[in-house]
Amino acid sequence: MLTTVMGVVIAERNYGESDKFIDILTAEEGILEICVKGARKITGKNNSSTQLFAYSKFCIDRRNEKYYLNSSELIRVFYGIRTDIEKVALAEYLAEIAGYCVTSGQTAKDIMRLFLNSLHFISEDLRSCSFIKSVFEMRFLSEIGLLPQLIGCRDCYKYEAEEMFFMVDRCCLLCGEHFYGRGFEENEYHIRLTRSVLHALRFICLSEMEKLFNFKLGESSMKLLNEITEKYIVSRLHKEFKTLDFYKQICSDASTHEKETT
Ligand SMILES: [Zn+2]
């Protein structure tokens with residue numbers, strides 16, 4: 001039976017002499033694994049539409065619970081991602097998160113939108129990689145039901161106190177009074193927030209999707225936000241992402257290089 005589905009390629013694996021498998025993220029059916037026959041022949045007619053991060057229309061043949069590509073039509077390729085190794089590394093990390101959490105058969109409309117928007121922002125240089133990374137990490141968790149409690153202090157519901165702490169391990173906020181009152185100490189899982197980072201966290205989790213990237217943050221706040229969102233995703237998903245290690249390696253190499261050349 002032939003069906004048509006729109007999807008974005010989030011992973012590819014070579015198979016046999018000239019075939020490959022691709023995983024595509026779709027709005028209606030989550031992630032689908034599709035076998036692409038003859039994909040690695042230079043003349044393959046589906047080469048561009050089945051490459052990593054291509055957004056395409058796929059006509060697939062379903063046989064015995066397996067999917068085979070019949071034909072495909074490229075809708076959008078995010079060319080800008082390929083121009084920079086940091087961008088490629090980030091896009092691969094976002095794809096690994098999606099691939100790890102989204103299953104086959106589930107609807108993933110908002111996740112797909114978040115993923116495509118993120119690729120667009122990476123490709124077009126509309127925000128820095130660390131900005132897009134933080135927004136994706138936090139919003140993705142919200143979309144899959146792991147939204148932290150950000151309305152106010154967990155104990156007294158204060159919306160904004162002089163001091164506020166994000167409790168990575170408890171998925172909530174505490175005001176200074178209740179943080180110290182309960183004997184907590186600052187550490188990598190109990191993080192002191194600045195006002196702008198608290199606002200950014202709330203914005204990322206609660207704003208409408210079309211406004212998601214519409215905020216600004218200074219460099220030091222960005223660093224703090226990144227620390228929080230990364231800790232939060234790794235601890236909530238109980239997973240070490242290889243692509244995250246690679247992304248961080250690229251960033252640290254880049255900053256060392258920058259220091260050496262200035
Ligand atoms: Zn409180």
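The values are calculated or read from the model by the stated rules, or taken from the named source; none is laboratory data. On a predicted model such as this, the values are computed, not experimentally measured, just so you know. Note: ideal-geometry Cβ built from the backbone for every residue, glycine included; neighbour counts use all protein chains shown.
Might you check whether a residue that is assigned to a helix (DSSP H, G or I), of a type in the set (Ser, Thr, Tyr) and crowded, with 20+ Cβ neighbours inside 10 Å occurs anywhere in the stretch 78-93?
Yes, some residue in the stretch 78-93 is assigned to a helix (DSSP H, G or I), of a type in the set (Ser, Thr, Tyr) and crowded, with 20+ Cβ neighbours inside 10 Å.
If the Cβ limit is 9 Å and pairs must be 6+ apart or interchain, which residue in the stretch 179-198 that is in a helix (DSSP H, G or I) pairs with which residue that is among the aromatic types (Phe, Trp, Tyr)?
Final answer for the pair search is Phe179/Phe165; Val197/Phe166; Leu198/Phe166.
Could you say whether any residue in the stretch 187-207 is in contact with a Lys or Arg (Cβ under 6 Å, 6 or more places away or on another chain) and surrounded by 13 or more Cβ atoms within 10 Å (Cβ to Cβ)?
Yes: the stretch 187-207 contains one or more residues that are in contact with a Lys or Arg (Cβ under 6 Å, 6 or more places away or on another chain) and surrounded by 13 or more Cβ atoms within 10 Å (Cβ to Cβ).
So in the stretch 148-172, with the set limited to residues that are in contact with a Pro (Cβ under 8 Å, 6 or more places away or on another chain) and outside any loop (DSSP other than H, G, I, E, B), which one is farthest from the ligand (Cβ to nearest atom)?
Phe166
If you check Phe121 against the conditions, is it under 19 Å from Asp245 (Cα atoms), surrounded by 17 or more Cβ atoms within 10 Å (Cβ to Cβ), in the same structural domain as Ser207 (by TED's automatic domain parsing) and touching a helix residue (DSSP H, G or I) at 6+ places or on another chain (Cβ under 9 Å)?
Against the criterion (under 19 Å from Asp245 (Cα atoms), surrounded by 17 or more Cβ atoms within 10 Å (Cβ to Cβ), in the same structural domain as Ser207 (by TED's automatic domain parsing) and touching a helix residue (DSSP H, G or I) at 6+ places or on another chain (Cβ under 9 Å)), Phe121 does not qualify.
Is it true that Lys109 is under 18 Å from Gly30 (Cα atoms) and not assigned by TED's automatic domain parsing to the domain that holds Glu210?
It is false that Lys109 is under 18 Å from Gly30 (Cα atoms) and not assigned by TED's automatic domain parsing to the domain that holds Glu210.
For the stretch 224-257, give me each residue that is charged (D, E, K, R), farther than 19 Å from Ser142 by Cβ and out of contact with any helix residue (DSSP H, G or I) (no Cβ under 8 Å at 6 or more places or on another chain).
Asp245, Lys248, Asp253
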